[in-house]
Amino acid sequence: MVAFAPNDPAFLEDPYPFYEMGRQMSPLFLAGPNLWLIFGYEHIAAILKDSASWSSDSRPRPLPTAEQFAAMTDAQRMAAEDYSPSMLGEDPPRHTRLRSLVSQAFTPRMIEHLAPRIRAVANELLDEVIPTGRMDLVEALSYPLPVIMISEILGIPPEDREMFKTWSDEIVSGLGAGIDGDAESNVRPETIDAMREYFERMAGLRRADPRDDLLSRLLEAETDGEKLSFEELLQMLILLLVAGNETTTNLISNAVIEFMAHPDQLQRVLDAPEMLPTAIEEVLRYHSPVQATVRRATRPVHLGDKTIEQDQLAVVWLAAANRDPAIFTDPGVFDVGRTPNRHLSFGMGIHFCLGAPLARLEARIALETLLARTRDIHRTDSEPLPRVPTFIMRGVRKLPIAFTPV
Ligand code: HEM
């Protein structure tokens, strides 16, 4: 029996036996009074596609009464009161409106223009470490590259980037709180205040002196005559700056980890570099950077032979769907040439990852550049790697590697 102990280091190291067991026992089961865990690909796809029956606002119901609210701690109250979700936690029509404000900036065509700049940044970052023959890949490349790119897209000054790392680490560590029995998020009110103050100042600067950046465009943007409120802007910036970066960092690091663990697969990519895009899709499938997401039933829903009642929550394990043998042949095998590869790592339906084209391009250029400038990449020790401390994400905080410079 494999226990659901999501904060246990052993679970973070290898959650796959748990997913496997869940799928075999039942592709969906009730894990708590109001909490379902869903493992099967077809059920997960059905949930993600049906945004009328499944809300992305996953706050447990009923929402707190005035007395309950008064008895809460500051952090609980903040979560309940200031609930101003980003588009990720919204349903139509608010979701449609928020998404339409930024979707233009993230289309594959817009993103493709960034390729030369991404390559220049990747090379610059590697220039510093290649001659030494060793690096912490996370620190040297997979963390800074996505942060620099999204900061440039938004128009955030380079000197402020370090602050985001601190905020981002804290927010990511707090993900999943509530689902694993810990009712409070780990994000401190001070952090939210600091972010709010920072973005208020940046918004003031851009309002006074608009530039050719996404922040200036968001401040000017109106849909149906309605401006983006400051809260909405704040949530949008946090979503773009934090969630998108951490996931792309993890994708790049996970790719290098799996290339080192499967030298035969790396050799296939080195022999035929045009395979890199399929290899990246396979890394996404094999280790979904976002392991799970949550939905709330808006009405009773029949799924398989079960009925999920209104307001019950469902944790949909994207990472388990990605290894469902009903969809993927030999799902436990890492195969850089796998096609088709209908993984769910970017989600599905109306919330399908807006940043997918950017994440794919950054990962491709980062890996191309790294592989062109190094030979014989290997781990410097056999210690377990320090993992991102939440079961919602799969990634490492450090990845020390050594190599021969080219
Ligand atoms: C490998 C990298 C990434 C992965 C695995 C990933 C994964 C996901 C997933 C699974 C969702 C859907 C969640 C749900 O339905 O509940 C999502 C949504 C989203 N992602 Fe990503 N993401 C990545 C990179 C990025 C980047 C680089 C950005 C932007 C700069 C970004 C921005 C967004 C936004 C804005 C949403 C919300 C879309 C909506 O609600 O309509 N992501 N992402």
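The values are calculated or read from the model by the stated rules, or taken from the named source; none is laboratory data. What you see is a predicted model; the values in this text were computed from it and never measured. All Cβ positions, glycine included, derive from the backbone under ideal geometry; neighbour counts span all protein chains shown.
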(request) Output the number of residues of the stretch 145-172 satisfying the condition of being over 17 Å from F199 (Cβ atoms) and crowded, with 20+ Cβ neighbours inside 10 Å. (result) 5
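Working only within the stretch 272-310, note down all residues that are more than 12 Å from the ligand (Cβ to nearest atom), under 20 Å from A46 (Cα atoms) and not in a strand (DSSP E or B).
Correct list: T298, R299, P300, G304, D305, E309, Q310.
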(message) I need the full set of residues from the stretch 358-381 which are buried (at least 18 other Cβ atoms within 10 Å of the Cβ) and small (G, A, S), in order please.
(response) A359, A363, A366
(request) Scan the stretch 156-169 and give yes if some residue there is assigned to a helix (DSSP H, G or I) and modelled with pLDDT of 85 or more, otherwise no. (result) yes
(message) Being within 10 Å of the ligand (Cβ to nearest atom), among the aliphatic types (A, V, I, L, M), buried (at least 16 other Cβ atoms within 10 Å of the Cβ) and within 22 Å of R379 (Cβ to Cβ): is that true of I257 here?
(response) no
(message) List pairs: first residue in the stretch 47-65 and within 12 Å of R299 (Cα to Cα), second residue of a type outside the set (K, R) and part of a loop (DSSP other than H, G, I, E, B) anywhere in the structure, Cβ distance under 6 angstrom, at least six positions apart or on different chains.
(response) S53/T298; S55/D91; S55/T298
(request) Select from the stretch 55-71 the residues that are of a type in the set (A, V, I, L, M, F, W, C) and out of contact with any Asp or Glu (no Cβ under 9 Å at 6 or more places or on another chain) and write down the one among them that is modelled with the highest pLDDT. (result) L63
(message) Looking only at residues that are at pLDDT 95 or above and polar (S, T, N, Q) in the stretch 122-151, which one is nearest to the ligand (Cβ to nearest atom)?
(response) S142
(request) Working only within the stretch 16-37, note down all residues that are surrounded by 19 or more Cβ atoms within 10 Å (Cβ to Cβ) and either hydroxyl-bearing (S, T, Y) or modelled with pLDDT of 95 or more (or both). (result) Y19
(request) Evaluate the following for A221: is it near the ligand (Cβ under 10 Å from one of its atoms) and small (G, A, S)? (result) no
(message) Tell me yes or no: at least one residue of the stretch 147-168 is touching a Gly at 6+ places or on another chain (Cβ under 8 Å) and within 27 Å of P210 (Cβ to Cβ).
(response) yes
(request) Would you please name the residue that is farthest from T166 (Cα to Cα), looking only at residues in the stretch 184-213 that are crowded, with 17+ Cβ neighbours inside 10 Å and small (G, A, S)? (result) A203
(request) Can you confirm whether the stretch 350-357 contains a residue that is within 14 Å of the ligand (Cβ to nearest atom), modelled with pLDDT of 95 or more, surrounded by 13 or more Cβ atoms within 10 Å (Cβ to Cβ) and more than 27 Å from I118 (Cα to Cα)? (result) yes
(message) So in the stretch 311-345, with the set limited to residues that are assigned to a loop (DSSP other than H, G, I, E, B), out of contact with any Asp or Glu (no Cβ under 9 Å at 6 or more places or on another chain) and among the aliphatic types (A, V, I, L, M), which one is farthest from the ligand (Cβ to nearest atom)?
(response) V333
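Provide a single number: the residues in the stretch 91-121 that are of a type in the set (K, R) and within 15 Å of the ligand (Cβ to nearest atom).
4
Yes or no, residue by residue, for (1) modelled with pLDDT under 85; (2) within 25 Å of the chain's Cα centre (by Cα); (3) closer than 25 Å to S173 by Cβ; (4) part of a helix (DSSP H, G or I):
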| residue | (1), (2), (3), (4) |
| --- | --- |
| R207 | no, no, no, yes |
| R211 | no, no, no, no |
| R217 | no, yes, no, yes |
| L233 | no, yes, yes, yes |
| M236 | no, yes, yes, yes |
| G244 | yes, yes, yes, yes |
| I252 | no, yes, yes, yes |
(request) Give the residue that is surrounded by the most Cβ atoms within 10 Å (Cβ to Cβ), with candidates limited to residues of the stretch 330-345 that are over 16 Å from W317 (Cβ atoms) and among the polar types (S, T, N, Q). (result) N341
(request) Can you confirm whether the stretch 87-100 contains a residue that is modelled with pLDDT under 70 and not aromatic (F, W, Y)? (result) no
(request) Determine whether M110 is surrounded by fewer than 18 Cβ atoms within 10 Å (Cβ to Cβ), touching a helix residue (DSSP H, G or I) at 6+ places or on another chain (Cβ under 9 Å) and at pLDDT 80 or above. (result) yes
(message) Every residue in the stretch 358-388 that is assigned to a helix (DSSP H, G or I), more than 14 Å from the ligand (Cβ to nearest atom) and either acidic (D, E) or touching a residue at least 40 places away in the same chain (Cβ under 8 Å) (or both), please.
(response) E368, T369, L370, L371, R373
